[in-house]
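Every number in this text was worked out from the coordinates using simple rules, so none of it is lab data. Remember, predicted model here, so these are calculated numbers, not experimental data. Note: ideal-geometry Cβ built from the backbone for every residue, glycine included; neighbour counts use all protein chains shown.
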Amino acid sequence: MLKKYFDWTPSDIAEWEKLRAKGLGRFVVWYGIKLFAGWLFLIVAAGVVFFWARAALQTRSTNFPGLALELLFAAAVCLVGGLIAALSTWALEENIYRKIKGEGGGGK
């Protein structure tokens with residue numbers, strides 16, 4: 001979705017106009033939370049579980065509350081990261097779109 005300035009094709013502009021029409025809230029939920037934060041959490045959670053299991057095998061003790069807290073913390077960090085990624089992507093894409101539309105003679 002992130003492209004260089006003024007490197008958009010007419011289909012890129014049409015795609016952004018469709019996303020833009022649905023609103024910022026839907027964009028943040030879909031791209032920030034579902035896509036970015038979701039995939040990031042899966043990767044981070046896999047690492048957390050792997051290192052937790054390795055430590056549990058070495059010490060022969062399990063600390064399920066500790067694992068739950070680590071996963072909860074990872075989820076919170078991924079959620080904040082997803083929100084930041086979505087909001088910054090929206091701002092950048094909107095800026096590019098407005099510059100393109102402004103140079104085209106019409107627009108906002």
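Just a few scattered comments:
- Leading residue at positive end of dipole, the chain (Cβ point charges), from 50, 9, 72: 72
- The order of 41, 73, going from fewest to most other C-beta atoms within 10 Å of their C-beta, is 73, 41.
- For the range 1-81, the set of trypsin sites (Lys or Arg not before Pro) satisfying both a DSSP loop assignment and a count of at most 11 other C-beta atoms within 10 Å is given as 4, 60.
- Three semi-axes describe the equivalent ellipsoid of the chain; taken as square roots of 5 times the Cα gyration tensor eigenvalues and ordered largest first, they are 42, 12, 9 Å.
- Test item: Cα-centred dipole of the chain, Lys/Arg +1 and Asp/Glu -1 on Cβ, debye: 100 debye
- Computed extension gain for residue 54 through residue 99, at 0.36 nm per residue and net of the alpha carbon distance, reaches 11.0 nm.
- Using alpha-carbon coordinates, inclination of helix 64-103 to the longest axis of the chain, degrees: 10 degrees
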